[in-house]
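The values are calculated or read from the model by the stated rules, or taken from the named source; none is laboratory data. Please read these numbers as outputs of a predicted model, since none were measured by experiment. Here the Cβ is made from the backbone with ideal geometry for all residues, glycine too, and neighbour counts use every protein chain on show. Please note that ligands, DNA and RNA were not included when accessible areas were found on the heavy atoms of the full protein model with its side chains. Shrake-Rupley method; radii C 1.70, N 1.55, O 1.52, S 1.80 Å.
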Amino acid sequence: MKTLANQTLLYDEDCPLCQAYTGAFVKTGMLDEKGRKPYADLNENELTFVDKEKAVNEIALIDRENNTVTYGVDSLLKVISYSFPTISKIGNIKPVKYLLKKLYSLISYNRKVIVPGKSNNSKLQCIPSFNYRYRFIYILFATIVTAVTLFCYSALLPIVPKGDFSREVILAVGQLAFQAIFLIKYDNKTILNYLGNVITVSLIGSLLLLPVLLINSFMILPEVINLVWFAITVLIMFAEHYRRVKILELPPYLCFTWIAYRLLALPLILDLQL
């Protein structure tokens, strides 16, 4: 890899995702040893030319030689294209760059619900601005992926009657609405942050089910294996939901209402009359 020298990325040290990819840039030699720095460690001189508000939403790349800054997709393209020049040509095509910016914003504004982390309690907090539009888009996207995956996987479970896609959508949306009821006393941002985490847990579950779905597309696995893997996935999802509730410092009973909804939804899933 060619090293882009004298450049420093400001990353959110409370975001495991941000830590991972900025660390990869340094480890692979795409950036030098000073190629990344926590946003919270900005010094007085850097604060004179770095846009603090913009940098929490779009990762900032500081040129240490001339004290200039690029942000967001432009920062990432500058780092990656130095080693892979073709990436710059493709990434700067207007329609491509437009889509990259939208995708980047979707991930950046939702990074705290995609991969949550505990706050470092420093003076400078790298917390993205709350964006209702990107939060709802993320929840919609994750809901659709979850519904599609469960619709496909339900065909592999002998105990689940064959249903349609609408059933899975209703179950996914119903879960969000049901959980929101127990947070009615909280403000909208707290509720949407929690619901973002809930749908991320569902998305994680969908990703865990994908390997078995792929295997079954080539060979038919015994039904017991499909059922056991589904049960393991639910346990992993419960543990992850519990972990996120603790990070968000929300009431632990949300973990039990999460399970309660599934039990209450059984009549719908099994097509039984209440």
Legend entry - Cβ-placed point charges (K, R +1; D, E -1), dipole of segment 75-161 about Cα centre in debye, nearest 20: 480 debye
Inset, instruction - Taking H placed 1.01 Å from N in the peptide plane, check which residues at least 5 places from Ala60 or on another chain put their amide H under 5 Å from its amide H. - result: Leu10, Gly72
Inset, instruction - May I ask for log10 I(q)/I(0) of segment 41-142 at q = 0.12, 0.15, 0.23 Å⁻¹, from a Debye sum over the Cα atoms as equal point scatterers with solvent left out? - result: -0.49, -0.75, -1.27
Inset, instruction - Give, rounded to the nearest 20 debye, the magnitude of the charge dipole that segment 6-153 has about its Cα centre when Lys and Arg contribute +1 at Cβ and Asp and Glu contribute -1 at Cβ. - result: 580 debye
Legend entry - Computed helical MRE - 222 nm, the chain, DSSP H runs ≥ 4 contributing -39500 (n - 2.57), nearest 500: -20000 deg cm²/dmol
Inset, instruction - Give me the distance between the Cα centres of segment 101-156 and segment 11-48, rounded to whole Å. - result: 22 Å
Inset, instruction - With a cut-off of at most 15 other beta carbons within 10 Å, and DSSP calling the residue loop, which chymotrypsin sites (Phe, Trp or Tyr not before Pro) in segment 1-103 qualify? Please list them. - result: Phe49
Inset, instruction - Keeping all protein chains in position, work out how much accessible area Lys52 exposes to a 1.4 Å probe, and write it in Å² to the nearest 10. - result: 90 Å²
Legend entry - Accessible surface, segment 37-132, averaged per residue in Å² (probe 1.4 Å): 57 Å²
Inset, instruction - At most 10 other Cβ atoms within 10 Å and a DSSP loop assignment: could you name the GluC sites (Glu not before Pro) in segment 39-124 that fit? - result: Glu44, Glu65
Legend entry - Mean Cα-pair separation over length for segment 136-274, i.e. relative contact order, pairs under 8 Å, 6 or more apart, %: 30 percent
Inset, instruction - Please turn the phi angles of segment 169-186 into ³J(HN,Hα) values with the Karplus equation 6.51 cos²θ - 1.76 cosθ + 1.60 (θ = phi - 60°), one per residue in order, whole Hz, x for glycine and proline. - result: 5, 4, 5, 5, 5, x, 4, 5, 5, 4, 5, 4, 4, 7, 10, 4, 7, 8
Legend entry - For the chain: relative contact order, % (alpha-carbon pairs under 8 angstrom, 6 or more apart): 16 percent
Inset, instruction - On the protein heavy atoms, probe 1.4 angstrom, tell me the percent of accessible surface of the chain carried by carbon and sulfur. - result: 67 percent
Legend entry - Reachable lysines from Lys185, criterion Cα separation under 20 angstrom, eight or more residues apart if same chain: Lys246
Legend entry - Loop-located trypsin sites (Lys or Arg not before Pro) in segment 111-191, at most 16 other Cβ atoms within 10 Å (DSSP): Lys118, Lys123, Lys162, Lys185
Legend entry - Phi to ³J(HN,Hα) by Karplus 6.51 cos²θ - 1.76 cosθ + 1.60 over segment 84-89, Hz, x for Gly, Pro: 10, x, 4, 4, 5, 5
Inset, instruction - Taking the Cα atoms of the chain, report the difference between the largest and smallest coordinate on each principal axis, in whole Å and largest first. - result: 71, 48, 31
Legend entry - Accessible area per residue in Å² at 1.4 Å probe, computed on segment 164-274: 57 Å²
Inset, instruction - Identify all aspartates and glutamates with a Cα-Cα distance to Lys97 below 12 Å; exclude those on the same chain that are fewer than 8 residues away in sequence. - result: Asp74
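Do the alpha carbons of any pairs in Lys2/Lys27; Lys54/Lys78; Lys123/Lys189; Lys54/Lys118; Lys27/Lys102 sit beyond 24 Å of each other, and which pairs?
Where the Cα-Cα span goes over 24 Å, the pairs concerned are Lys27/Lys102.
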Inset, instruction - Under a 10 Å cutoff between Cα atoms, tell me which one of Val245, Val228, Val169 has the largest fluctuation in the Gaussian network model of the chain. - result: Val228
